[in-house]
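What follows is a short report on a single structure.
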Amino acid sequence: MIIPVVLCGGTGTRLWPLSRKALPKQFVPLIDGKSLLQLALERVKKVSPPGLGRVLCVAAEPHRFLVMEAMQVAGMQGDIILEPVGRNTAPAMTLAALHVSPDDFLLFCPADHHIPDACGFAAMVERGVVAAEQGSIVTFGVVPGYPSTAYGYIQKGAVRDDGSLTVTRFIEKPTAEHAASMLLQGNVLWNAGVFLCRAGVLLDAVKQHAPDILVSCRKALSQGSRDGAFVRPEPDAFISCRAESIDYGVMEHFHQVVTLPFSGSWSDVGSWNAVAELSPPDAQGNRVVGQGLALQAAGTYIHASNRPVVALGTHNLFIVDTPDALLVAACTHAEEVRTVVLALETMKIPEADQHRRVVRPWGWFEMIQAGERFQVKRIFVKPGASLSLQMHHHRAEHWVVVRGTAQVTRGIRTFLLTENESTYIPIGEVHRLHNPGKTELEIIEVQSGSYLGEDDIVRLDDDYGRDTMKPG
């Protein structure tokens, strides 16, 4: 039995402003209305035992409900290990290997890669089982289509009896000249970051080449806690673990790493160049997603999901429009978008990390307008979901139901509101919003008062109705 392990970390800063720390690229609907995470889960479901749909995810604490929702949509079940902080792939994979039996086969996959041929992917994994049974760590390399400087490479060696190839070395992202030279030699593959092995084999490799990581992760898991499907390593123990990639920390040194080539389409969706390639070009090489229009333009990519965006006479540009931020960049600077994020963070501009739309376990809300003593929000609540029972010290709220049915708790009263009905929540009033219906609830919330920060919320329970108040 193969247990897929989907690694959901990463901030995707090179895809700003669509991808931000609060909602990285793996959770953004990028392809046919689906997120990369959902597509990854659907893909690994083909290598999970039929009818079981078991998966293990490793994710950041703030994204736990996004991962849970994606698993439910994909028809998968399993545990979610929540990292208190990001520590790269070596600790994340070590946590996963410690969580299962040493004899379990684990298939490690990034959540933010795109592989359209799911059946071809499953067949490739099947070809690697024999080598994994014999104690190897199998890494799957992609047959390169051009001399990319954005990917790492695997130099392959001799063919083994099990059909796999020995790995001579791992090569970091090369220069354009070096990449072209390697492709001419014909003995390299792109490093896709996908691995298959027994859990015990990986732990032995980490013990040999990164023992401090194994010690930290073992301590963090043994002293951690569990809440349903959520597994939380002990924060201090995990924070003390050094950050390291599995390639640099382990794979480059372990003696029994083999590779198998994959000739299908693959992308790490790591830059706007990679995203643009997912859309078909017109005769002038323009690619448009959403409400974009390219006139007398060439080589221009437009991502416009919210309003019309017109590019006139442009050449080799990216134009990415979101409700609260706009990126216009030369295609030659796609790999440098992360420097934009760093600059915005230095200027303390919240749009560097935060989206206007904020995802919550019960649904989401987005800011419409804000002023000195007011702000207006649009709130969507999933069927059957509730916001926490809460109160505010400094603000009052008006709720107007736009769509669906709202069950409102206000003080000691509970009542229903339907479309075009409203209610008023005074300062200091205990209240809750619940969606009792089978369709999504949409309301407009107008807040007014002397202080409107999100920290002016006294929660009497959480979003699942559990008591959060301390005794006394």
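The values are calculated or read from the model by the stated rules, or taken from the named source; none is laboratory data. For clarity, every value in this text was computed on a predicted model and none was experimentally measured. Backbone-built Cβ (ideal geometry, glycine too); neighbour counts: all protein chains shown. The protein model used for the area step is the full one, side chains on, heavy atoms only, and it has no ligands, DNA or RNA in it. Shrake-Rupley method; radii C 1.70, N 1.55, O 1.52, S 1.80 Å.
Here is how the numbers come out for the structure above:
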{"item": "Charge-dipole axis of region 129-194 as Lys and Arg at +1 and Asp and Glu at -1 on Cβ define it, positive-most pick from Met182, Val143, Gln155", "result": "Met182"}
{"item": "Added length on full extension, which subtracts the Cα-Cα distance from 0.36 nm per residue, Met367 to Val289", "result": "25.7 nm"}
{"item": "Heavy-atom accessible area ranking, 1.4 Å probe, most first, across Thr139, Thr175", "result": "Thr175, Thr139"}
{"item": "Antiparallel DSSP beta bridges within the chain, percent to nearest 5", "result": "70 percent"}
{"item": "Region 205-341, relative contact order [Cα under 8 Å, separation at least 6], %", "result": "12 percent"}
{"item": "Which of Ala229, Thr418, Ser305, positive extreme of dipole for the chain (C-beta unit charges)", "result": "Thr418"}
{"item": "Accessible surface of Met367 - all protein chains present, 1.4 Å probe, nearest 10 Å²", "result": "60 Å²"}
{"item": "Listed residues Tyr248, Tyr451, Tyr151 arranged by accessible area, highest first, probe 1.4 Å", "result": "Tyr248, Tyr451, Tyr151"}
{"item": "Charge-dipole axis of the chain as Lys and Arg at +1 and Asp and Glu at -1 on Cβ define it, positive-most pick from His99, His315, Val289", "result": "His99"}
{"item": "Residue-level accessible surface for His398, protein heavy atoms, 1.4 Å, Å²", "result": "80 Å²"}
{"item": "Per-pair calculated FRET efficiency, R0 = 41 Å: Glu351 and Val143 via Cβ, rounded to 0.05", "result": "0.55"}
{"item": "Fraction of antiparallel bridges per DSSP, region 178-336 only, in percent to nearest 5", "result": "40 percent"}
{"item": "Sites Thr168 and Thr418 - FRET efficiency at Förster radius 45 Å, r taken between beta-carbons, to 0.05", "result": "0.10"}
{"item": "Gain upon complete extension [Ser222, His255; 0.36 nm per residue less C-alpha separation]", "result": "9.0 nm"}
{"item": "Length released on extending from Asp461 to Ala122, taking residue separation times 0.36 nm less the Cα-Cα span", "result": "117.7 nm"}
{"item": "Sum of side-chain charges, Val408 neighbourhood, beta-carbon under 15 Å (Lys, Arg +1; Asp, Glu -1)", "result": "-3"}
{"item": "Sequence of Arg20, Arg432 when ordered by accessible area, the most exposed leading, probe 1.4 angstrom", "result": "Arg432, Arg20"}
{"item": "Pairwise FRET efficiency - Ser263 versus Asp161, Cβ, R0 = 22 Å, nearest 0.05", "result": "0.50"}
{"item": "Rounded accessible area of Glu252 (nearest 10 Å², 1.4 Å probe)", "result": "70 Å²"}
{"item": "Value of relative contact order over the chain, rounded to a whole percent, pairs C-alpha under 8 Å and six or more apart", "result": "13 percent"}
{"item": "Assigned charges on the beta-carbon of Lys, Arg, Asp, Glu; the chain dipole about Cα centre (debye)", "result": "400 debye"}
{"item": "Net charge dipole size for region 154-272 [Lys, Arg +1 and Asp, Glu -1 on Cβ; Debye, nearest 20]", "result": "220 debye"}
